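Chemist: Next up is a structure, given as structure tokens.
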Amino acid sequence: MEKDDVAFPSVGSVSSQAAGREAEINGLMSDLGAKDWMRVGSTITCDPPATGTDIDVLVLVKERDASTLEELGFDLENGGAHYEPSEGEFNSWRRGDLNLIVTDGLGFYNAFALATEVAKTLNLLCKEDRVTLFQAILYRRHHAPQAARNASEDTERACGPQQQEMQDNE
């Protein structure tokens with residue numbers, strides 16, 4: 001590779017299966033004409049990484065093109081309890097366990113990248129805590145998790161016994 005050639009960032013490799021997924025993601029980013037992209041989500045932000053969950057990739061494109069994603073076998077997601085993927089700033093597309101968070105907004109991309117780095121630094125293992133952080137950074141609003149509003153048994157159920165022990169020691 002020449003010095004001025006552009007290579008897509010590595011998403012890490014721990015096995016031949018992971019290397020295959022990395023190659024698949026690199027190929028998809030090329031097909032989409034991605035300007036930039038990064039792995040996000042609990043498989044990246046949590047230590048130890050979440051297992052048995054989807055692979056999330058934040059993708060910055062020049063223009064969101066539904067037809068290209070549909071041709072590549074992706075389906076538009078309908079949303080969930082903590083975000084609405086078609087609210088204007090991004091769309092979420094799924095194919096199997098691969099979730100592409102596609103945006104054409106540099107501001108949204110940078111805010112999502114910042115939230116990812118903060119979640120990783122804080123090692124937020126409880127999903128509700130990660131949702132609260134992303135809501136605050138992306139939308140400047142507070143998402144009060146149920147565990148924060150209820151008694152300690154709810155915290156243990158939502159975040160696990162280690163999180164409860166930390167709260168008890170504060």
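Chemist: When you look at Thr68, is it of a type outside the set (Gly, Ala, Ser) and closer than 17 Å to Glu128 by Cα, yes or no?
Modeler: no
Chemist: Conditions first: (1) closer than 21 Å to Thr53 by Cβ; (2) of a type outside the set (A, V, I, L, M); (3) at pLDDT 75 or above. Thr68 passes all but one, so which condition is the exception?
Modeler: Every listed condition holds for Thr68 apart from (1).
Chemist: For region 1-34: of the residues being part of a loop (DSSP other than H, G, I, E, B), on the phi < 0 side of the Ramachandran plot and of a type in the set (Gly, Ala, Ser), which is modelled with the lowest pLDDT?
Modeler: Ser13
Chemist: Go through (1) at pLDDT 95 or above; (2) under 25 Å from Glu22 (Cβ atoms); (3) not basic (Lys, Arg) one by one and return the number of the condition Ser92 breaks.
Modeler: Of (1) at pLDDT 95 or above; (2) under 25 Å from Glu22 (Cβ atoms); (3) not basic (Lys, Arg), only one is false for Ser92: (1).
Chemist: Say we look at region 25-52 and pick out the residues that are without any contact (Cβ under 8 Å) to a residue 24 or more places away in the chain and over 11 Å from the mean Cα position of the chain (by Cα); which of these is surrounded by the most Cβ atoms within 10 Å (Cβ to Cβ)?
Modeler: The extreme case among them is Asn26.
Chemist: Of everything in region 113-140, what is acidic (Asp, Glu) and either closer than 15 Å to Arg39 by Cα or without any contact (Cβ under 8 Å) to a residue 12 or more places away in the chain (or both)? Give them in sequence order.
Modeler: Glu117
The values are calculated or read from the model by the stated rules, or taken from the named source; none is laboratory data. These numbers were taken from a predicted model, which means no experiment stands behind them. Ideal geometry is used to build each Cβ from the backbone, glycine not excepted, and the neighbour counts take in all protein chains shown.
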